[in-house]
1. If one takes the longest principal axis of the Cα atoms in the chain, at what angle in degrees, from 0 to 90 and to the nearest 10, does the Cα axis of helix 242-252 lie?
2. To the nearest 20 debye, what charge dipole does the chain have about its Cα centre, counting +1 at the Cβ of each Lys and Arg and -1 at the Cβ of each Asp and Glu?
3. For a label point 7 Å from the Cα of Thr314 along Cα→C-beta, name the residues of the stretch 261-305 whose backbone N is under 17 Å from it.
4. Figure the gain on full extension for Phe272 and Ala353 (residue separation times 0.36 nm, minus the Cα-Cα span) and round it to one decimal in nm.
5. At R0 = 30 Å, how high is the FRET efficiency between Lys91 and Met345 if r is their beta carbon distance? Nearest 0.05 is fine.
6. Quote to one decimal, in nm, the extra length available between Glu409 and Asp98 on full extension: 0.36 nm per residue of separation minus the C-alpha distance between them.
7. Run lengths n ≥ 4 of DSSP H only: what is the helix-derived mean residue ellipticity at 222 nm for the chain, with -39500 (n - 2.57) per run over all residues, to the nearest 500?
8. Placing +1 at every Lys and Arg Cβ and -1 at every Asp and Glu Cβ, with all other atoms neutral, what dipole size does the stretch 81-239 have around its Cα centre, in debye to the nearest 20?
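The values are calculated or read from the model by the stated rules, or taken from the named source; none is laboratory data. Fair warning: this is a prediction, and the values are worked out from it, not measured in the lab. As a convention, Cβ positions derive from the backbone with ideal geometry for all residues, glycine included, and neighbour counts pool all protein chains shown. Heavy atoms of the whole protein, side chains included, go into the accessibility calculation; ligands, DNA and RNA do not. Shrake-Rupley method; radii C 1.70, N 1.55, O 1.52, S 1.80 Å.
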Amino acid sequence: MNVEFLGGAREIGRSAILVDDSLLLDYGMATGNPPSFPVGDHDPDAVVVSHGHLDHVGAVPSLLSGDARPPIHWTPPTRDLTRVLAEDTLKLHGGSYDCPFTHTEVKRMSQVSQTHGYREQFEAAGYEITFFDAGHIPGSAHVLVDDGETRLLYTGDFHTEDTQLLSGTTARPEADIVITESTYSDVDHDPRSEVEDSFAESVRTTIWEGGTVVVPAFAIGRTQEILMVCEAHGLDCYVDGMGQQVTRIARQYPEFIRDSDALQRAKSNARFVTGRDGQRKRIAEKNTVIVTTSGMLSGGPAMTYVPEIRGSPTNKIAFTGYQVEGTPGRELLDSGRAEIDGRVMPVSAQVEAYDFSAHADREGLLAFLDSYRDAEVLVNHGDRCEEFAGELREADFEASAPELGETVEA
């Protein structure tokens with residue numbers, strides 16, 4: 001089995017792995033200016049997608065240009081989330097070099113789509129494939145690829161701890177080769193219950209003091225998680241941006257979330273924002289919680305809320321996800337000011353950050369990989385892939401971190 005790394009090798013973003021020049025696992029994009037895409041030109045026999053985040057599915061529609069029509073295999077939530085992301089990419093960048101596909105390719109996805117549930121075996125490009133719940137976002141999957149002789153496990157992104165939205169992964173299928181993510185290989189997350197309690201107490205204090213709390217949150221997974229935390233702690237809130245649409249999608253697939261009744265209560269607890277007739281500016285003046293995209297302040301309705309609430313130290317901006325270097329969110333955390341819609345703004349409101357990560361931390365990664373001490377481990381999707389692979393070797397794993405474009409024969 002030959003495994004070629006077209007993206008996501010020693011980096012985070014544009015994940016894409018080609019097996020035997022035939023089976024493509026993920027086909028993402030790395031956001032940036034300009035964005036980047038998987039290397040090389042490929043015409044796979046089939047595509048299997050682990051989950052619906054931009055860095056894993058962002059370039060999938062481009063595989064359907066010209067006469068190419070490879071079947072695309074994914075879970076139902078991943079299919080729907082990919083369409084939402086593709087339409088958003090077209091809205092923001094359609095017709096430019098930053099978008100490698102058109103509306104035509106997006107429509108074609110429905111023609112080649114094949115959906116599968118967890119632990120349901122299916123055939124793709126001559127391989128036997130099985131999805132296992134990865135606990136990352138609704139519909140996320142570990143992908144097991146079996147050619148009859150070798151079993152390859154592609155972890156995708158995964159989480160080992162239960163959250164309000166999802167149960168942590170417990171799947172440990174037998175494998176000869178494991179391609180593992182390593183996003184937080186040098187980080188230990190605080191217990192989720194402590195993070196939730198700290199977040200809720202801080203928000204509640206601001207509300208008691210008469211302030212407004214803006215909670216920038218990633219639309220997929222994080223928004224739903226924060227809505228559930230708010231409901232569980234008795235906090236009323238508004239929700240704005242793409243997270244509204246994703247919440248509706250998640251509600252359609254109760255078998256892919258931990259507690260569908262709890263998500264329904266969270267949805268009922270939140271007031272959905274339309275943005276019409278100056279609604280956002282009026283909400284920003286309320287003594288309330290506003291959960292909104294984008295999670296890093298790089299666009300979306302947050303561009304309205306932050307300027308409205310930034311002037312008062314009674315107000316608060318509570319980040320719920322990692323802020324990438326160079327984003328307005330990271331700039332705000334580091335300097336107390338940020339460029340919002342082309343204007344650099346000082347922010348007097350309190351600024352806090354909470355670790356609601358949906359990735360396994362160092363302890364979770366090592367606990368997961370402990371089941372694969374007899375397998376070859378290939379480390380990708382991280383900022384320190386080589387270092388983590390070296391640490392695994394010191395712990396008696398057979399581990400390496402392939403380079404971009406490298407082919408590993410296993």
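1. It is inclined by approximately 60 degrees.
2. Here the size comes out at about 2660 debye.
3. Counting backbone N atoms under 17 Å from the label point, the list is 282-290.
4. Working: separation 81, 0.36 × 81 = 29.16 nm, distance 2.38 nm.
Extra length from Phe272 to Ala353 when fully extended: 26.8 nm.
5. 0.75
6. Gain on extension, Glu409 to Asp98, equals 108.6 nm.
7. Numbers: 12 runs with 121 residues, N = 410.
Computed mean residue ellipticity for the chain: -8500 deg cm²/dmol.
8. Value, rounded to 20: 720 debye.
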